[in-house]
Amino acid sequence: MFEIFRPRVFFNLANSSLFWLKLLFIISLIISLSFALIFSPIDYLQKDTVRIMYVHVPSSWISLFIFLIIGVSSFISLIFRIKIFSVYAKTLAPIGFVFSLISLVSGSLWGYPTWGTWWSWDARLTSMLVLVLIYFIYICTWNLIKNFNTAEKITNIIAIIGLINLPIIKFSVNWWNTLHQPSSITLSSAPTIHVSILAPLLMMFFTLCIFSLIIFLIRYKYEIINFRINKK
């Protein structure tokens, strides 16, 4: 079952699946944008501004999920000395960083007409900014330290420490009084938003997940080549 984690197997899988993933992405993008921009209803208070949600929320989910994968991969790499997991983490980091930036920017664009301000040192916003900074430090460490083994050890520690911030982001709206509204979708209860909004939201999330996977596979091919060169 762990055969897929072998570099050569994963490299071949990336080559064989990219075309179909790109095709799936295009189809999914057309459908999800149609629902998000045309068929989904406007909010009675926020009007069309609510459509920013279809970018903001999936971007936030993906940035958190990617960092979770990076943290777990870094733990496996640090404890079990399986270096390929460091390659996975390094490959994912720029993708998560971009989505965390999109989350912050789209949140500001959505927050101004809703809250009357572009930024507030709100617990959710501040902890999300911390995630962006952790991503940035993680990526800079890989780029500034040329020795793979040294960079691997430092980035593994950064990622594992950064995992502490994830539950803070998730539960900040419950632990403190914040401008940011509580989560409308949780694993422990039914969604509190109507299906006409939930469906496009999940479609956009699926579409951006496919996009993330495509970018990951493209970057992985480049990173694995560099990894092999560094091993020589």
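Partners of residue 83 within straight-line reach, counting aspartates and glutamates whose Cα lies under 19 Å from its Cα and excluding those fewer than 8 residues away in the same chain: 3, 152, 223.
Under the rule of -39500 (n - 2.57) per DSSP H run of 4 or more residues, summed and divided by the residues of the chain, what mean residue ellipticity at 222 nm is obtained, to the nearest 500 deg cm²/dmol?
That comes out to -26500 deg cm²/dmol.
Exceedance of the 29 Å cut-off in Cα-Cα distance is limited, within the set 22/153; 47/170; 90/170, to 22/153. Scalar couplings 3J(HN,Hα) for segment 77-94, obtained by applying the Karplus form with A = 6.51, B = -1.76, C = 1.60 to θ = phi - 60°, are 5, 6, 7, 9, 6, 9, 5, 4, 6, 5, 5, 4, 5, 4, 5, 6, 4, x Hz; x denotes Gly and Pro.
No value in this document is a laboratory result; all are computed from the given coordinates. On a predicted model such as this, the values are computed, not experimentally measured, just so you know.
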